[in-house]
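A short worksheet on the structure shown next.
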Number of protein chains: 6
Amino acid sequence: MDFYDLTKMTWPEVAEALKTVKLAIIPVGAHEQHGPHMAESCDAVLAESMSHRLAQKLHPYALVTPTVNMGVSIHHIHFPGTITLKPSTLISVLRDMIWSLKQHGLRNFLLLNAHGGNQSTLSVASAEISQELDVKVYYAKTTASAKAAIKQHVHSTLFGHSCEREVSEAMYLAPQLIRQDKLEKGVIVEGDWRLLRPGQPLQGHYYYDEMTSNGCIGDATAASLEAGREIVEEALEQLSLALRKLLLS
Amino acid sequence: MDFYDLTKMTWPEVAEALKTVKLAIIPVGAHEQHGPHMAESCDAVLAESMSHRLAQKLHPYALVTPTVNMGVSIHHIHFPGTITLKPSTLISVLRDMIWSLKQHGLRNFLLLNAHGGNQSTLSVASAEISQELDVKVYYAKTTASAKAAIKQHVHSTLFGHSCEREVSEAMYLAPQLIRQDKLEKGVIVEGDWRLLRPGQPLQGHYYYDEMTSNGCIGDATAASLEAGREIVEEALEQLSLALRKLLLS
Amino acid sequence: MDFYDLTKMTWPEVAEALKTVKLAIIPVGAHEQHGPHMAESCDAVLAESMSHRLAQKLHPYALVTPTVNMGVSIHHIHFPGTITLKPSTLISVLRDMIWSLKQHGLRNFLLLNAHGGNQSTLSVASAEISQELDVKVYYAKTTASAKAAIKQHVHSTLFGHSCEREVSEAMYLAPQLIRQDKLEKGVIVEGDWRLLRPGQPLQGHYYYDEMTSNGCIGDATAASLEAGREIVEEALEQLSLALRKLLLS
Amino acid sequence: MDFYDLTKMTWPEVAEALKTVKLAIIPVGAHEQHGPHMAESCDAVLAESMSHRLAQKLHPYALVTPTVNMGVSIHHIHFPGTITLKPSTLISVLRDMIWSLKQHGLRNFLLLNAHGGNQSTLSVASAEISQELDVKVYYAKTTASAKAAIKQHVHSTLFGHSCEREVSEAMYLAPQLIRQDKLEKGVIVEGDWRLLRPGQPLQGHYYYDEMTSNGCIGDATAASLEAGREIVEEALEQLSLALRKLLLS
Amino acid sequence: MDFYDLTKMTWPEVAEALKTVKLAIIPVGAHEQHGPHMAESCDAVLAESMSHRLAQKLHPYALVTPTVNMGVSIHHIHFPGTITLKPSTLISVLRDMIWSLKQHGLRNFLLLNAHGGNQSTLSVASAEISQELDVKVYYAKTTASAKAAIKQHVHSTLFGHSCEREVSEAMYLAPQLIRQDKLEKGVIVEGDWRLLRPGQPLQGHYYYDEMTSNGCIGDATAASLEAGREIVEEALEQLSLALRKLLLS
Amino acid sequence: MDFYDLTKMTWPEVAEALKTVKLAIIPVGAHEQHGPHMAESCDAVLAESMSHRLAQKLHPYALVTPTVNMGVSIHHIHFPGTITLKPSTLISVLRDMIWSLKQHGLRNFLLLNAHGGNQSTLSVASAEISQELDVKVYYAKTTASAKAAIKQHVHSTLFGHSCEREVSEAMYLAPQLIRQDKLEKGVIVEGDWRLLRPGQPLQGHYYYDEMTSNGCIGDATAASLEAGREIVEEALEQLSLALRKLLLS
């Protein structure tokens, strides 16, 4: 094992690892529809895989906790199989995890999140838990910091869910998630959602089926292993650099 | 009265207004330090003023509710006078307000927010309340959509709190908030916060006094009435346009 | 400024004021119908105005916080425009405010309340918050202690909401709340409520529209500026006297 | 059995009784110190006894539920043996009871309360539960309506807890609560509480040991069986009269 | 009094008793249907009676608190008169009681429970409250430890509610609960519940009326005073022995 | 795929599966120390593996949801790495999952639990959620129904955590959890816990380190693949038989 994976360790092994570990990485995913070409655990699997790789880069200073394998997915609930947690439930889970890990001496936490729909809740969780438990809770979207690679490889104007970016990441990190023979572009439906996208004057809740009839946006057929590799590696480089500055300098 | 201000109306007047009103605008502010040159009610006053002007533009289709005059300001708590609500408290207040207004027949709500620290909580509130009460809850940062005017008038790389943008807005909307003789640049302190700013790979909670010793960022001395007018008017134009599309087409 | 108004102060001004301040006055109002002749913000505006005047009398020992501008008004919900908070929401708001102000060194709090429907909730809040946060939380109905002036000026047997007492107070404190040309007596409807009024063997919840079809009780046409002045000034005298005994002796 | 006591009935007997019953009386007491001369269950026992007698007067239209034998007594917690519920806990108990009884067809509820410290919480409970569950929840202080008898028999200016009124009631209703050989006047301690008594401009939380060193106020040595009988019977007459008007006319 | 009954003591008596008391026994019952031959308060009365007898055996080291006279009885709600608390409500009541008693110096608590339907909730309460309040919270089913006597006297394969065991216990402890002329065997209805009984592979919620049309199981006509005496005395012996080991050795 | 694994399916595949599926199996595990010879994810992995095998036996009538990979483990918190959820958090997660799955048409749920410490909480969850959401929530300990095989293969008097039973199950289901070279008997510490074991008169919370210094009980060195196979297969047979009776007859 070239990183500390809490799920695979015994308690004496954890005790030994805690001598150097300064950061717990908590993978945060979701369980929600990803169109006809990706399995519903996509975000949980990608968050876990990214956490493992990030922990490798930070070894022996980081450990990876069990994955939070469901998230806030109310906007996908109309598609079969989607499971959503209330924001308050997700915060409770994170609070209990962090409280527990603090008992073992940890003070720094990274919520490494693969699901955009969790970001607001994680922001609230970061502020609340940091103050209540007197710890540092950081959070990050897994590959958001891969700005150069995304600019190079992602060409859809509307993307971010089971699109060429996400499918590329999965090709590199977890190809078992993908139905190669079902790759489809998003089938966009017109509606009010256009007025509520990031960057628009207004924000607000809408259901994903108001925007896309197959559950995807962007163009999954444009995905590639190479794009996935570059996006993932750039993001890991950015994240590990920032964490080293925060924790090790 | 050239718009519907719920705080100033009697119930028969409200009954009459409800014949045309399609949207309730809920001003959401904060009560927190704004450096040596702005009063602590800044965000509440600006949110209320913006709401009034937006309602004028949408008259007779909008009404303005009482202002939520405190918000999520835990990051400012080390400065004297700051009051913070827990995110869960703010959501409860909004839920109760929207439940009440739904009793009177309203179904569309805009949380018009002047305080960045509220945005995550409002995002959670929008999703939770929209679903629980079967209504539409939109939210917007008051002047975030004034992209052109902000690009033109704001030159600090780090801005967003009692800076030239906010002071300019107040010069136009509520000059009584400003101590003209105390205008100061932010006095920046170096620290981990640089690694946690918007756009960085990591996000997370930090206290404002870790970043600035006088409670400001940006350069308030560069503020001007003209900048304020252009920012505010561009934002109002953007917001009213989007709302007309959503509600009236 | 002849009193400390937290909403209008900068943080350095608050820091200076805290050298003498021993009491935070929290104005507590409501947003609810007040018949055809008063605006719905009546209780919030009167609570704020009374708080300002009381702080003047206690200067430099008191400061006034932002106003809690909505309260427990479920009994008025059938009249257009009324907004109600759940009692638990109101208590959460007060707890968060008092927790925040305690961070700045304050230990004594007065909930100065203009709305009868809040009293039970404030009583619960006083006991709970005093114990949880180890502070002193007092509460008072704004003009309840003006016993002599009320006896002299109020002649309706059923009064207490948009009646001659309240309208008189508003004439003195905030005449903009009043529609002078709409002043009406309460139009009483018979019903079970008579068995549930204060002083009756039974108490219990009833809706205001079961009691009055125009939303008023008492006789607003009997209101006068002079009555308002005497009621308000007697109450301020009583409140400031009691507070001086509690805090300054 | 000349009244319906739910605790002593089998389910077929309850089914039969429900054919006529229109009201559930919920006795609400407390478990708190009552000085050296009364047992700590005083309020629970008196509430239960009053409820039984009231149900007799209303037979066959009322039934008595199990007694809520603890209440809000934080102000007595410094005296050994006192148990207090949080207001939110008491409301939850009442909500669950009323929800359950509504399943059996009941819609009218009287919280018959022997403990002053519960009144605010019961007022909140009445409003909240009436609305949430669409029922009628009334509440009453057991003997507060015995105005004539209290005026005649109670002469202490400060009374209301283990005083001549309460001891007299117990002599009539539950003499086993009384230590006849220990009857004492309240031993009053001076303090801020005088400024916070009912009728004073300010209200607020204080601990009972700040007011009385033996836990009593008033003059228990002036109690009499005759006073107890008159107070109790007058109150029962008032309560049953009001309830008959509400429920049976 | 040969044991400490908190409900019957004055505060100076409690103060004296606390010099030796090491354990608070909290009787936990229920209010629910017990068929045609037992009163609905059965579990509350039996829990209280058992607590008194156990305290006698442990005198002067134990005291008995007020009885929690309602419990988790949702599975009986279809029978007239049943009242149920939510599990979270019951836990709140217990937390408040234990918090209060800890103020008086107590650290060990026994939840002595007569109602099977409470056991899971008490298990959760024990773990939560022990940790939150840093106390020891034990719990026990009143007569579950009378293994020999139950084996000897109870012959129904399906028993545990208003059966020969429970009726026998009541004959010995509280015969007033029993309708001697109505004693009936349980009238069993076939259904899925057989697949969900203790010891089956699956567990789960079902309503009691799916299992028995008269609300009983087992054979109440086989009850006897002698069986009750032996069951109760064996259980008291077992419980007091275990408690003496825990607290006094 | 010979069973429906929700985490590996796309939404169109779920839509197709829902045509026959009658039951959702929710694997419930824990993340807690399992001595020096098992990984901390043991209960989560075993619950998931058992759920997969059970779904195979029930195909095409069952699907398996994402695994609840942390549980109530406060009693293990003193061992490094253990994470515990509050019971209320676990119930919230289950409520949200079941609410979501009900949106997709499912009405029957099995919480298949590998961790004894979760059982009370699952019992409470089953009753609460079944009633609130009008669904059927069953729960089962994974291998508790393998009574014959356990009797044959498990000889320790004290067993149930990282013992020969659990290690045998893992040898058959998930050998990667085991450190074959570290297998140890439990190192038992004497203490009060003996008085609180299942079957004792008293129950109550104790920490696992009060009972065993290496975190195990029983004798892991006596584990065998054959024992694991027989325990697992007997349990699967029992569970599938019971579920077929409940759901398919």
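The values are calculated or read from the model by the stated rules, or taken from the named source; none is laboratory data. Quick caveat, the model's predicted, so the values are computed rather than measured. Virtual Cβ from ideal backbone geometry, glycine too; neighbours counted across all protein chains shown. Ligands, DNA and RNA are excluded from the accessible area calculation, which covers all protein heavy atoms including side chains. Shrake-Rupley method; radii C 1.70, N 1.55, O 1.52, S 1.80 Å.
Distance between Cα centroids, segment A:1-47 to segment D:78-104: provide it in whole Å.
Using only Cα atoms to place each centre, the spacing works out to 43 Å.
Would you mind listing the distances between the E:Q56 label point and the same position in each other copy? Use 7 Å along Cα-to-C-beta, nm, one decimal, shortest first.
Those label-point separations list as 3.1, 6.1, 7.3, 7.3, 8.4 nm.
Dipole of segment B:4-248 (Lys/Arg Cβ +1, Asp/Glu Cβ -1, origin at the Cα centre): which of B:L110, B:Q176, B:G199 lies farthest to the positive side?
Selected residue: B:L110.
Place a +1 charge on the Cβ of each Lys and Arg in the protein assembly as shown and a -1 charge on the Cβ of each Asp and Glu, then give the dipole magnitude about the Cα centre in debye, rounded to the nearest 20.
Using Cβ point charges on Lys, Arg, Asp and Glu, the protein assembly as shown gives about 0 debye.
What are the extents of the Cα atoms of segment C:116-249 along their three principal axes, listed from largest to smallest and rounded to whole Å?
Computed over the Cα atoms, the extents are 46, 35, 26 Å.
Check which residues have an amide H placed less than 5 Å from D:D5's amide H, if you skip close sequence neighbours.
Amide H to amide H, under 5 Å and 5 or more residues apart or across chains, D:D5 pairs with D:V64.
Longest segment of chain A with no GluC sites (Glu not before Pro) in a DSSP loop having at most 16 other Cβ atoms within 10 Å?
For GluC sites (Glu not before Pro) (loop position, at most 16 other Cβ atoms within 10 Å), the longest site-free span of chain A is A:1-183.
So with the 1.4 Å probe, I'd like the accessible area per residue for the protein assembly as shown, rounded to whole Å².
Value returned for the protein assembly as shown: 33 Å² of accessible area per residue.
Distance cut-off 21 Å, Cα to Cα: go down the list D:K141/D:K245; B:K136/B:K245; B:K151/B:K185; A:K102/D:K86 and report the pairs above it.
Over 21 Å Cα-Cα: A:K102/D:K86.
Give me the one-decimal nm value for the distance between modelled label points at D:D134 and E:H78, 7 Å along each residue's Cα-to-Cβ direction.
About 2.3 nm, to one decimal.
Taking the axis that carries chain C onto chain D, what is the nearest Cβ in chain C, and at how many Å, to the whole number?
C:S120, 2
Can you list residues whose amide H is under 5 Å from E:Q200's amide H, if they're 5+ apart or on another chain and H is modeled 1.01 Å from N?
Amide H neighbours of E:Q200: none.
Would you work out which of C:L54, C:L85, C:H75 lies farthest towards the positive end of the dipole of segment C:21-96, given +1 charges on the beta-carbon of Lys and Arg and -1 on that of Asp and Glu, about the Cα centre?
Most positive-ward Cα: C:L54.
What residues qualify as long-range amide H neighbours of C:T212, i.e. H under 5 Å apart, gap of 5 or more or another chain, H built at 1.01 Å from N?
Close amide H contacts, sequence-distant or interchain: C:V189.
Among F:T212, F:S162, F:A44, flag the residue with its Cα farthest along the positive direction of the charge dipole of segment F:4-248, charges on Cβ as +1 for Lys/Arg and -1 for Asp/Glu.
Ranked along the dipole, the leading option is F:A44.
How many angstrom separate the Cα center of segment F:127-181 from the Cα center of segment D:187-235?
60
Put a label point 7 Å from Cα along the Cβ direction on F:K151, then list its distances to the equivalent points in the other copies in nm, shortest first.
Nearest to farthest, the other copies are at 1.5, 7.3, 8.1, 8.1, 8.7 nm.
Residue-wise, which Karplus ³J(HN,Hα) couplings in Hz belong to segment A:198-209, taking 6.51 cos²θ - 1.76 cosθ + 1.60, θ = phi - 60°, and x for glycine or proline?
x, x, 6, x, 9, 10, x, 6, 9, 8, 4, 6
So the label point sits 7 Å from Cα along the Cα-to-Cβ vector; using that for C:K19, what distances do you get to the other copies, in nanometres, sorted shortest first?
Distances between equivalent label points, in nm: 5.5, 5.6, 6.0, 8.2, 8.2.
Buried accessible area for the F:A pair, summed, 1.4 Å probe, in Å² rounded to 100?
For F against A, buried area totals roughly 3600 Å².
Roughly what % of DSSP beta bridges within the protein assembly as shown run antiparallel, to the nearest 5?
Roughly 25 percent of the beta bridges in the protein assembly as shown run antiparallel, per DSSP.
To make sure I understand the rule: partners must be lysines, Cα under 19 Å from the Cα of A:K8, and not fewer than 8 residues away in the same chain. Which ones qualify?
Hits, sequence-local ones excluded: A:K19, A:K22, A:K57, F:K182.
When the Debye formula is applied to the Cα atoms of the protein assembly as shown, each taken as the same point scatterer, what base-10 log of I(q)/I(0) results at q = 0.05, 0.07 Å⁻¹?
Taken in order of the listed q values, log10 I(q)/I(0) reads -0.42, -0.86.
So how strong a dipole does chain C carry about its Cα centre when Lys and Arg Cβ are +1 and Asp and Glu Cβ are -1, to the nearest 20 debye?
That gives chain C a dipole magnitude of about 720 debye.
With a 1.4 Å probe and every protein chain kept in, tell me what percent of the accessible surface of segment F:106-249 is carbon plus sulfur.
49
Take every DSSP beta bridge with both residues inside segment E:4-248 and express the antiparallel ones as a percent of the total, to the nearest 5.
Antiparallel bridges: around 20 percent, rounded to the nearest 5.
Per residue of F:103-115, count partner chain C-beta atoms within 10 Å of its C-beta, then hand back the mean as an integer.
2
If r is the Cβ-Cβ distance from A:K57 to B:S213 and R0 is 41 Å, what FRET efficiency results, to the nearest 0.05?
Calculated transfer efficiency: 0.70.
How large is Rg/Rh for chain C, to two decimals, with Cα atoms and a Kirkwood Rh?
The Rg/Rh ratio comes out at 0.97.
List the residues of segment E:74-92 for which accessible area in the full set of protein chains is at least 40 Å² lower than for the chain on its own; 1.4 Å probe, protein heavy atoms only.
SASA drop of 40 Å² or more in segment E:74-92: E:I74, E:I77, E:P80, E:G81, E:I83, E:P87, E:T89.
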